[in-house]
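A short worksheet on the structure shown next.
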Amino acid sequence: MPVASIDTIRSKVGQELGASDWIEVTQDRINLFADATEDQQFIHVDEALAAQTPFGGTIAHGFLSLSLLSRMAADVMLAPETTRMGVNYGFDKVRFLAPVRAGKRVRGHFTLVAFEEKRPGQYQFVHDVTVEIEDEDKPALIATWIGQVFA
């Protein structure tokens, strides 16, 4: 995760911070997520049955796409230079707009919406995130994500 001074982070409020690297959403990744969450719905794990749906094949779980935000954030989000740890605080909004088909690549675009010190050394970030699907017009999801860091 890129590091910056508190003043630099404050100066970025309202700006897009950039895009993460691409992440491939393979069928193996989808299957592992299905196993971990015990969500074995056929549209995720049964390639033959999923091919008969309007999706034309298997798709990632929406929550798999959402969970990849943590990896995407590591490329883009700024952390104070003295960060000891960071935690998820939650989401104000999550919308799943388009399915991510197995074999597609996704990446996150992050805009810093707010940054404030909640207590001494405890900072709260709010990011608007759009997860782009490579070669698709519609994003996989949009979210307003809240995190906290302790510096």
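Things to note:
- Answer label for semi-axes √(5λ) of the Cα gyration tensor in Å (calculated), chosen among (i) 35, 14, 12; (ii) 33, 15, 12; (iii) 41, 18, 13: (ii)
- Sequence of LEU66, LEU49 once ranked by neighbouring C-beta atoms within 10 Å, starting from the fewest: LEU49, LEU66
- Near VAL149: Cβ cut-off under 13 Å, other residues only, Lys/Arg at +1 and Asp/Glu at -1. The net charge is 0.
- Remark: the chain carries a charge dipole of roughly 440 debye about the Cα centre, counting +1 on each Lys and Arg Cβ and -1 on each Asp and Glu Cβ.
- Among 42-48, 72-78, 86-92, sorting by the average number of other beta carbon atoms lying within 10 angstrom of each residue, highest first, gives 72-78, 42-48, 86-92.
- Distant-in-sequence amide H partners of LEU17 (H built 1.01 Å from N, under 5 Å): PHE110, THR111, LEU112
- Selection among PRO80, HIS61, THR130 by position relative to the dipole of the range 3-150 gives PRO80 as farthest towards the positive end (Cβ unit charges, Cα centre).
- Residue with peak Gaussian network fluctuation, the chain [Cα springs, cutoff 10 Å], from THR53, THR130, THR111: THR53
- For PHE33, neighbours were defined as the other residues whose beta-carbon sits under 14 Å from its Cβ, and their charges (Lys and Arg +1, Asp and Glu -1) total -3.
- The residues packed around TRP22, meaning those with a beta-carbon under 12 Å from its beta-carbon, carry a net charge of -2 if Lys and Arg are +1 and Asp and Glu are -1.
Readers should treat all values here as calculations from the given coordinates under stated rules, not as data from a laboratory. Small disclaimer: the values here were computed from a predicted structure and weren't measured. Every residue, glycine as well, gets a Cβ built from its backbone with ideal geometry; the counts of neighbours run over all protein chains shown.
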